[in-house]
Amino acid sequence: MFTYYLQLAWRSIRRAPIISSLMILTLAVGVAVSMTMLTLQHVMSNNGLAERNSQIFALQLNNTGNKTGASGDQSQDTSSNVMPRSLTYRTVNTLLDNPEIAPHQAAMFSMHYVLTLPDSDLSPAEELIRATSRDFFALFGVPFIYGEVWSAKADDELTSVVVIDNTLNQRLFNGENSVGRQLLLDDVPYQVVGVVQDFMPKPSVQDLSMGAFGGNRHIYLPFGMVQQPNLLNNFKGTLSCQFHQQGVEFPQERQAQRDFILNNRCYWLQYWVELPDLQTRDKYVAFLSAYFDQQKSNGFFTQAFGYALSTPAQWLQLNNVVSNDTKIITWLALVFLIVCIINAVALVLAKLLKQAPEAGMRRALGASKTAIFSQSLIETLLIGVLGGVIGIGLSQLGLLLLRVLLAKDEAAVLHSDWLMLAVTVLMAVVASIVAGLYPAWRISYAQPAKYLNQK
Amino acid sequence: MFEFGPILRTLWRNKIGASLIILQSALTLAIVANATFVLQQRLQLINQPTGIDEQHLFTIDVKPLGQGLFSVGEIQRDTLELRQITGVVDASYISDKPLSGSYSQSNRNAQDDDTTFTISLNQLTTDPHGLHTLGVALEQGRFFNDSDMVRDLKEGKVVVISRGVADAAFGEGVNPIGQQITTFGLPPTGKHKQALKDSQLFTVVGVAADANITSVASVNDGVIFLPFYQPDKSVTYLIRCQPSQCNQLMLAVPQKLKQLDNHRIITGVSTVMSNKDELLRADHTMVVMMMAAIVLVSSITGLGVIGLTLIWVNRRRWQIGVRRALGATRMGIVRYFLMENLLVTSIGLCFGVILTLGLNQLLVEYYQMQALPLSYLLLGMACVWLLGLSAAFVPALRTTTISPAVATRSI
């Protein structure tokens with residue numbers, strides 16, 4: 001029966017080629033446009049840390065927005081919950097000094113160095129480097145291939161050790177066990193103590209301070225790098241300081257600048273903490289609150305205590321990785337899809353009503369309402385499937401166009417996966433059912449007598 | 001004359017079909033009006049003049065190998081040599097790449113007796129050729145000379161500020177030349193004179209024209225130029241080239257720098273225009289997307305109206321024939337269909353106004369968009385009207401071929 005109806009549907013489509021192709025095209029374009037935009041949202045909100053989503057949290061402290069007006073805060077680098085994206089050194093240092101409050105904590109920032117190898121003709125290149133505390137690898141679940149993480153001491157004082165990832169190990173040392181080998185950063189030798197698997201989530205949820213894709217690194221240095229006197233020569237990222245007292249000036253000399261940054265309310269560090277259960281979380285927050293109050297009493301913080309602990313998924317949202325522009329276009333695309341569906345309903349209705357006499361005749365010859373209804377619906381379903389298939393093609397075209405328009409990093413990850421292709425067809429089918437339901441119901445109620453009478 | 005009665009009655013008998021077109025034109029208006037508004041805003045931002053010679057500028061980043069910092073001698077030698085290359089208009093040392101979105105900004109509030117004084121500016125350190133290389137005019141006084149340049153800002157004596165900073169710091173109409181100012185743009189007047197006694201004060205020697213140097217849209221009062229070779233790991237040179245010489249110079253300059261000293265690497269060469277495009281990428285994308293939205297929704301709605309009118313015309317062949325037989329002119333029939341379309345679209349536009357404002361309200365609330373001005377709403381309405389009419393025109397013309405004889409046949 002189904003195949004017979006399908007045959008009938010095909011014949012009916014061929015009988016009215018212009019109207020039918022208009023319907024197919026309408027659905028295809030509507031579905032393609034919305035799928036293109038949904039795919040962009042889908043890849044941009046991809047959470048590379050989804051497995052650890054309920055356990056790890058990015059911390060923000062509510063110490064911005066000074067109402068007394070002694071310092072400007074328009075320049076504050078805040079996320080959409082109006083808290084600074086990053087933390088001060090004092091906060092991070094206090095937290096790291098108390099390892100008992102959480103199983104793992106990772107503080108981090110970025111540095112840039114010229115990377116070379118001793119006695120090698122490797123051409124020098126500038127590398128961005130992650131400086132972080134040793135828990136980074138355990139917290140984000142980055143396994144070691146060779147060697148192990150640096151000692152706890154290296155997080156406190158300057159130590160020339162380095163961990164590299166698999167990709168860089170292949171490039172520099174042909175993938176051998178390179179533990180104990182040396183590499184040069186700005187001509188200073190650093191000893192490789194470990195090689196880890198590549199950790200390249202896209203977007204780089206662990207560090208969104210340099211754009212949605214700007215936080216992945218191949219080289220890791222211990223957090224003790226903050227002790228480097230000329231820290232700011234190699235620091236890379238956003239640094240924002242607030243000072244209240246009149247007459248306090250940001251120093252111009254590099255070493256004085258570093259001291260200033262470590263001692264004042266300067267926001268520049270990213271920080272994640274692992275809190276496996278509510279109990280740990282409560283204890284952690286209690287510690288945080290006590291610390292905040294203490295710092296408030298000595299004037300370091302000015303506002304009432306407030307904090308945010310965000311899961312990786314929430315962190316992506318807070319940092320507007322899916323930009324407002326993308327959201328606006330997606331909404332417009334969905335409204336456009338509705339326009340297309342309405343258009344299709346109108347066309348299907350008009351087309352089916354033209355076939356009403358035929359339906360009336362079939363009813364008179366004994367066809368049930370259900371039969372007429374399902375036959376009409378199958379016809380629009382066929383149109384929907386055809387629209388979906390063409391829609392897949394068109395949405396690929398749309399993605400191609402988007403890739404030209406987007407930044408390189410974004411373009412590189414913009415691909416539709418099977419899920420998205422399936423959703424495209426499903427969307428077209430649902431759209432066609434929505435479009436065909438009313439017309440099919442309407443025609444199945446065609447009065448046989450009326451049409452017999454007319455003939 | 002306009003046959004409103006018969007049209008309304010016909011539409012009433014085809015409620016669903018008519019209301020679908022009404023809804024469709026309403027949604028079309030919502031998309032077209034909002035998209036045009038966003039489009040216009042972004043175009044304005046993109047086409048806003050920056051005031052620098054952006055077409056003929058490029059930057060080059062140089063980093064020494066090893067641990068040393070750049071010496072003043074190196075910078076002076078490099079810039080001097082670069083200026084000798086044919087095709088180079090001027091070259092200078094600069095702390096931040098123009099229009100790259102990377103800059104150092106300071107926002108200061110200071111309390112005077114009872115008024116709060118706010119100044120927000122970008123600090124840009126450069127050498128005596130900086131202003132000319134950027135292509136920004138000097139409005140008053142002088143720019144730096146070689147003896148102004150220092151390695152340590154504490155030894156610095158003079159600064160040049162942009163007109164906006166001068167107005168914000170000293171008030172409009174006050175001659176800023178010779179006045180004192182901190183690097184954060186605060187003048188030592190009133191109460192904060194006391195507070196500023198530890199801060200270093202500089203003498204303003206020149207005022208530059210306002211220009212958006214660091215970012216595309218001006219978000220602050222302006223720029224303060226500091227005559228200062230920042231001791232740093234890497235250095236950026238800004239090169240202004242003669243028309244159509246940039247491409248060739250972008251190859252020649254790195255070569256020259258390598259030739260002068262090979263113990264360093266070039267970490268980047270980029271035109272200011274490419275930086276600007278990167279900064280405005282989201283806006284360019286938005287422009288294309290909004291245009292696509294307008295074109296697509298207009299085509300779909302247009303095609304839909306054509307298709308539907310075609311069907312309506314076909315279904316009413318007999319009716320048309322009868323009317324023609326009873327004396328209606330061809331133009332009368334065409335007018336009937338156009339009037340019908342106009343009526344349906346107009347009803348749609350009434351709902352459309354509500355939908356448009358509703359959609360705009362959502363965008364304002366959740367995505368920081370601005371409220372839609374009335375002019376865009378009216379423009380959108382005119383567009384949808386015209387779209388409906390022109391789409392209905394072709395099928396309506398087909399009625400002229402229906403002969404009155406049709407009336408004599410049954411269906």
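The values are calculated or read from the model by the stated rules, or taken from the named source; none is laboratory data. Remember, predicted model here, so these are calculated numbers, not experimental data. We place every Cβ from the backbone using ideal geometry, glycine too, and count neighbours over all the protein chains shown. We work out accessible area using only protein heavy atoms, side chains counted, and drop any ligands, DNA or RNA first. Shrake-Rupley method; radii C 1.70, N 1.55, O 1.52, S 1.80 Å.
With the condition kept exactly as written, say whether any residue in segment B:18-29 is surrounded by fewer than 21 Cβ atoms within 10 Å (Cβ to Cβ), modelled with pLDDT under 90 and in the same structural domain as residue B:357 (by TED's automatic domain parsing).
yes
Determine the pairs where a residue that is under 18 Å from residue B:216 (Cα atoms) and part of a loop (DSSP other than H, G, I, E, B), located within segment B:88-104, has a partner that is open to solvent by 40 Å² or more (accessible area, probe 1.4 Å) and among the small types (Gly, Ala, Ser) with Cβ atoms under 6 Å apart, the partner being 6 or more residues away or on another chain.
B:96/B:102
Taking the condition under 16 Å from residue A:222 (Cα atoms), in contact with a Gly (Cβ under 7 Å, 6 or more places away or on another chain) and either open to solvent by 60 Å² or more (accessible area, probe 1.4 Å) or among the acidic types (Asp, Glu) (or both), does residue A:109 pass? Write out each step before concluding.
Numbers: under 16 Å from residue A:222 (Cα atoms): yes; in contact with a Gly (Cβ under 7 Å, 6 or more places away or on another chain): yes; either open to solvent by 60 Å² or more (accessible area, probe 1.4 Å) or among the acidic types (Asp, Glu) (or both): no.
No: the conditions fail for residue A:109.
As an exercise: evaluate residue B:122 against (1) surrounded by 17 or more Cβ atoms within 10 Å (Cβ to Cβ); (2) modelled with pLDDT of 90 or more and give the number of the one condition it does not meet.
(2)
Return the residue satisfying two criteria in turn: it lies in segment B:37-64 and is buried (at least 21 other Cβ atoms within 10 Å of the Cβ) and farther than 26 Å from residue B:271 by Cβ, and of such residues it is nearest to the chain's Cα centre (by Cα).
Checked segment B:37-64; the qualifying residue nearest to the chain's Cα centre (by Cα) is B:38.
With A:303, A:314 as the choices, which residue is open to solvent by less than 40 Å² (accessible area, probe 1.4 Å), more than 30 Å from residue B:355 (Cβ to Cβ) and either touching a Phe, Trp or Tyr at 6+ places or on another chain (Cβ under 9 Å) or touching a residue at least 12 places away in the same chain (Cβ under 8 Å) (or both)?
On the way: A:314 fails: open to solvent by less than 40 Å² (accessible area, probe 1.4 Å).
Result of the check over A:303, A:314: A:303.
Considering only segment B:168-190, how many residues are surrounded by 17 or more Cβ atoms within 10 Å (Cβ to Cβ) and of a type in the set (Val, Ile, Thr)?
3
Can you name the condition, by its number, that residue A:246 falls short on among (1) assigned to a loop (DSSP other than H, G, I, E, B); (2) at pLDDT below 85; (3) surrounded by fewer than 15 Cβ atoms within 10 Å (Cβ to Cβ)?
Result: residue A:246 fails condition (3) only.
Please tell me if residue B:15 is charged (D, E, K, R), over 30 Å from residue B:244 (Cα atoms) and within 14 Å of chain A (Cβ to nearest Cβ). Show your work before the answer.
Values: charged (D, E, K, R): yes; over 30 Å from residue B:244 (Cα atoms): yes; within 14 Å of chain A (Cβ to nearest Cβ): yes.
Taking the combined requirement at face value, the residue satisfies it.
Look at residue B:289 and say whether it is buried (at least 19 other Cβ atoms within 10 Å of the Cβ) and within 14 Å of chain A (Cβ to nearest Cβ).
Details: buried (at least 19 other Cβ atoms within 10 Å of the Cβ): yes; within 14 Å of chain A (Cβ to nearest Cβ): yes.
So residue B:289 fits the description; yes.
Could you pull out the residue among B:361, B:368 that is under 44 Å from the mean Cα position of the chain (by Cα), of a type outside the set (Ser, Thr, Tyr) and on the phi > 0 side of the Ramachandran plot?
B:368
Hey, can you tell me all the residues within segment B:68-90 that are within 14 Å of chain A (Cβ to nearest Cβ) and among the aliphatic types (A, V, I, L, M)?
Within segment B:68-90, just B:69 meets the criteria.
Just for segment B:293-314: of the residues that are surrounded by fewer than 19 Cβ atoms within 10 Å (Cβ to Cβ) and free of Cβ contacts under 8 Å to residues at least 40 places away in the same chain, which one is farthest from residue B:76 (Cα to Cα)?
Here the residue is B:314.
Only one of (1) surrounded by 16 or more Cβ atoms within 10 Å (Cβ to Cβ); (2) under 23 Å from residue A:205 (Cα atoms); (3) away from chain B (no Cβ under 14 Å); (4) out of contact with any Gly (no Cβ under 8 Å at 6 or more places or on another chain) fails for residue A:281. Which number is that?
All conditions are met except number (1).
Name the residues in segment B:256-278 that are open to solvent by 60 Å² or more (accessible area, probe 1.4 Å), more than 11 Å from chain A (Cβ to nearest Cβ) and under 21 Å from the mean Cα position of the chain (by Cα), would you?
Across segment B:256-278, there are no qualifying residues.
Name the single residue, out of those in segment A:204-229 being among the β-branched types (Val, Ile, Thr) and out of contact with any Pro (no Cβ under 9 Å at 6 or more places or on another chain), that is modelled with the highest pLDDT. Lay out the reasoning, then the answer.
First pass over segment A:204-229, keeping only residues among the β-branched types (Val, Ile, Thr): A:205, A:219, A:226.
Among the residues that remain, those that are also out of contact with any Pro (no Cβ under 9 Å at 6 or more places or on another chain) are: A:219, A:226.
Numbers: A:219: 96, A:226: 92.
Out of the qualifying residues, it is A:219.
Restricting to segment B:315-348, what's the tally of residues that are more than 20 Å from residue B:8 (Cβ to Cβ) and open to solvent by 10 Å² or more (accessible area, probe 1.4 Å)? Let's see the steps before the verdict.
Filtering segment B:315-348 down to residues more than 20 Å from residue B:8 (Cβ to Cβ) leaves B:317-318, B:321, B:324-327, B:329-331.
If we keep only those that are open to solvent by 10 Å² or more (accessible area, probe 1.4 Å) too, we end up with B:317-318, B:324-327, B:329-331.
So the count comes out to 9.
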